[in-house]
Amino acid sequence: MAENQTGPHMDLRHFFHPHSVAVVGASATPGKVGHTVLRNMLDAGFTGQLLPVNPKGGEILGLPVVPSVEELPQGVDLAVVALPRRRVPDTLRELGRRKARAVIVITAGFKEVGGDGWFLEREITEICRDAGMQLLGPNCLGLINAAAGVNASFAADLPRPGRIGFFSQSGALCVAILDWAVGERMGFSKFVSLGNKAMLDEADMLDYLGEDPETDVILGYVENVERGERFLRSAKAVCAHKPVLMIKSGTTPTGAKAASSHTGAIAGSDQAYEAAFRQSGIIRVADVESLFQLARAFSEQPLPRGPNLAVVTNSGGPGILAADACGRFGLTVARPGQRTVERLQAFLPPHSDFYNPFDILGDADPRRYRKTMEIVLGDPMTHALLVMLTPTAQAQAESTAREVADLARRMPEKPIFACFMGMEGVRAGKEILDKAGVPCFAFPEPAVQGVRAMFDHYLRRQRPHEPAARVQRDLDRARGLILQATQRGDTEIVEFQAQEMLEAYGLDRPETRLARSSEQAVEQAEAIGYPVVLKIASPDISHKSDVDGVRVNIHNAEEVRRQFWDITARATHLRPDAYVVGCVVQRMAPPGCKEVIVGFQRDEQFGPLIMFGLGGVYVEIMGDVAFRLAPLTKRDASEIVREIRSYMVLKGVRGEQPIHFEALEQVILTLGQLALDIPEIVEAEFNPVLVDRERALVGDVRMTLRSPHPEDTLSDPKRRN
């Protein structure tokens, strides 16, 4: 319901820096939400005007009670509502009349329960919108700005002030994270439970925290995003200068179902979220522990200025695991300079490994670690350092951690990560590192992934802004074709119908003609020139391979006649419901062409989701595909092509020529533009796109339209050709 938002940026100062706060539903009974919120505001040290509202009057926690909302002073900055659901709408109406500026509705029982809860949430959203009040929630924990003395929540803990901003759709997760953060001594600049997001959502939080001078790193837990395109714009703008780390739940069918029942919203396609995160620069994290370890790294460590990771370890096996992880995540285990090797050889035991990973043996003491780290960090080829410790009998985890922490303070130019493997034997050392702001992981893989995330953010900050690519097309002609199709009642546009659309967008294709009879097929084949391809032409048959409806490499008239009859007869037999127009006759693609697929599907949250991958009939089996969201930049088109596992096939192997990448990328950009131009098309597929070293040809095309209203559909199928 966040569509009720009226502007690109909400001013959220009244939530985080209020001068006056009313707690509507304040209670004198400990354990009730209204009592906890009031107590939390007092314990946080709020210095503004605090107004408990309760019809019983009197005094609560030493504060005079306001008997009703009607008796509140005009223009309260923030009202926190903790009342039964049925009383919320009238309370909000009265708060609107009292010119309250912002409101937090903690109460549950709205959209998340479905039925009348959905309508009730819509009602309270309209009330707030009409009154000009900003709304957080409903069904939320509240929010915290510890530095300003604001704890407008019913959480049990108050975190220390810090430089990390956090928002979450799940209030229960907020409670767990607060408990963990207090134990880990981690501080927050802002801490927000979004709840059902009736008005204030992730995009608003990104906008605010992105401009907040008290926030260096932004964290989020997301179950669904309702304003996907707005979210993407906000994330791109913020990630250009601040790191944003997120967990996205509901990535499996089971999780998506649970997320939907939790918030009353559709979780959405995970491919779309992955594309949104990748394009915007959001760093996606798999679990809460990694989220906060990375947050600590971003808030305390400098960004690596290159991909070279040096690994210092007291055990060879873990060092090899770290080197393997570097290969998987695209980092380099760089060879040290000769001067570095000589300095290490001068003091390390002779059986040490003087090359990266630097194995300084199981009996390494803190002094050996310290000297090795200093030398390795001083090598200009080192961009980041990973210090690994396995709790051998001789290892001194606590003293070694002190050396790592001290070195991080004395040599702050390059990031230092730690990996202290084990549990009890390294616990004290990990605590020292945590307090020093050195992220410490239990295993090397997440540590290396964290270094990669920081390097990616460094690269993104160096990039100039790139606008969406511009595509030349005849838009009036394209829209006219879609209008004709919808007027006919078509729900699909298949190859023989789509040739004009390809022309309108300037897409190259093999010469293609429609034949309604075998003799016409011969005429068309001879006009095109042999060899040719014959394909079934039917508006009702989307996948030609399902009816064995394609014949390739046809060299003469007799073969054209025979194949025409065979294709049409087989289609009629296998699909008696289908209207068969005839066959498409197409020039045979040049030898050596690679087959790829370019398509899109209109995602409910984010809009057109572009897909690219290995083409032909095996695309669904191989699953070698990559995704981006439109609008696309030239960089998006370049990256999506190079992201698939089969990229090296396109680049050329064993003496093969590379394909014309620029021509292929132009096809991708053009489909992205078509998806934005024509909202009536909900899905489209160019499969195959035939690409060689000279050009890219759209070999086949299928487009699916929004279903028309029944009264608009024509009954005569012959009128659709």
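Read the figures in this text as sums done on the coordinates, not as results from a lab. Just so it is clear, the structure is predicted and the values come from calculations on it, not from any experiment. Virtual Cβ from ideal backbone geometry, glycine too; neighbours counted across all protein chains shown.
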Most exposed first, judged by fewest Cβ atoms within 10 angstrom, Ile416, Ile621 run Ile621, Ile416
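Let me check against my output: what whole-number percent is the relative contact order of segment 511-588, with C-alpha pairs under 8 Å and at least 6 apart?
Values: 155 pairs, mean separation 38.3, N = 78.
Once divided by the residue count of segment 511-588, the mean separation gives 49 percent.
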Along segment 666-681, Karplus-curve 3J(HN,Hα) (6.51, -1.76, 1.60; θ = phi - 60°) to the nearest Hz, with x for Gly and Pro, reads 5, 4, 5, 4, 5, 5, x, 5, 4, 4, 6, 6, 10, x, 5, 8
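Order these peptides, 629-635, 294-300, 468-474, by their mean beta-carbon neighbour count within 10 angstrom, highest first.
294-300, 629-635, 468-474
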Computed curve, the chain, Cα-only Debye sum without solvent term, log₁₀ I(q)/I(0) at 0.07, 0.09, 0.12 Å⁻¹, is -0.65, -0.94, -1.22
Ordered by number, the trypsin sites (Lys or Arg not before Pro) in segment 644-697 that occupy a DSSP loop and have at most 13 other Cβ atoms within 10 Å are Arg645, Arg654
In whole Hz, the Karplus estimates of ³J(HN,Hα) for segment 630-635 (6.51, -1.76, 1.60; θ = phi - 60°; x where Gly or Pro) are 7, x, 9, 9, 4, 5
Taking 0.36 nm per residue of separation between Glu424 and Arg706 and subtracting their Cα-Cα distance, the length gained on full extension comes to 95.5 nm
The residues His543, His457, sorted from fewest to most surrounding Cβ atoms within 10 Å, come out as His543, His457
Filtered hits (lysines, Cα-Cα < 25 Å from Lys535, offset >= 8 within chain) -> Lys544, Lys594, Lys718
If amide H atoms are modeled at 1.01 Å from N in the peptide plane, then the residues at a separation of 5 or more from Ile60, or on another chain, having amide H under 5 Å from its own are Val65
Across 5 Å bins beginning at 0, the whole-percent shares of Cα-Cα pair distances in segment 186-249 come to 4, 17, 31, 28, 16, 4, 0
Residues whose modelled amide H sits under 5 Å from the amide H of Gln605, counting only those 5 or more places away in sequence or on another chain, are Ser269
Any aspartates and glutamates whose Cα falls less than 13 Å from that of Lys197, other than same-chain ones fewer than 8 residues away, would be Glu3, Glu112, Glu121, Glu223, Glu226
Taking 0.36 nm per residue of separation between Arg87 and Gln345 and subtracting their Cα-Cα distance, the length gained on full extension comes to 85.3 nm
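Could you give the alpha-carbon Rg of segment 301-462 over 2.2 N^0.38 Å, rounded to two decimals?
0.93
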Percent of all alpha-carbon pairs of segment 93-169 at distances over 15 Å, whole number, is 62 percent
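How much of the DSSP beta bridge set in the chain is antiparallel, as a percent to the nearest 5?
Working: 51 of 100 bridges.
In the chain, approximately 50 percent of DSSP beta bridges are antiparallel ones.
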Going from the fewest other Cβ atoms within 10 Å to the most, one would list Ile247, Ile567 as Ile247, Ile567
In order over segment 466-481: 3J(HN,Hα) from phi, Karplus 6.51/-1.76/1.60, θ = phi - 60°, whole Hz, x for each Gly or Pro, gives 10, x, 4, 5, 9, 10, 7, 7, 9, 5, 4, 5, 5, 5, x, 5
Cα-based Rg then Dmax for segment 511-588, in Å, read 11.2, 33
Across the alpha-carbon set of segment 131-170, Rg over Rh with Rh taken as the Kirkwood radius works out to 0.99
Relative contact order in percent for the chain (Cα pairs under 8 Å, 6+ apart) equals 8 percent
For Lys430, the lysines lying under 30 Å Cα to Cα, once residues fewer than eight places off in the same chain are dropped, come out as Lys190, Lys242, Lys248, Lys371, Lys414
The rounded separation in angstrom of the Cα centers of segment 647-691 and segment 416-482 is 27 Å
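What order do you get for 675-686, 26-37 when each peptide is scored by the mean count of other beta carbon atoms within 10 Å, highest first?
Taking the mean over residues of other Cβ atoms within 10 Å, the ranking is 675-686, 26-37.
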Scoring segment 496-652 by relative contact order with C-alpha pairs under 8 Å, at least six apart, yields a percentage of 20 percent
For segment 397-544, the Cα gyration tensor yields equivalent-ellipsoid semi-axes (√(5λ), largest first, whole Å) of 67, 20, 16
In this structure, the FRET efficiency calculated for Glu662 and Glu70 from their beta-carbon separation, with R0 = 60 Å, to the nearest 0.05, is 0.30
So for segment 553-696, using the alpha carbon gyration tensor with a ≥ b ≥ c as root eigenvalues (a/c under 1.5 gives rounded; past that, a/b versus b/c decides prolate or oblate), I'd call it oblate
Sparse-neighbourhood loop hits (GluC sites (Glu not before Pro), segment 448-527; DSSP loop; Cβ within 10 Å at most 16 others) -> Glu511
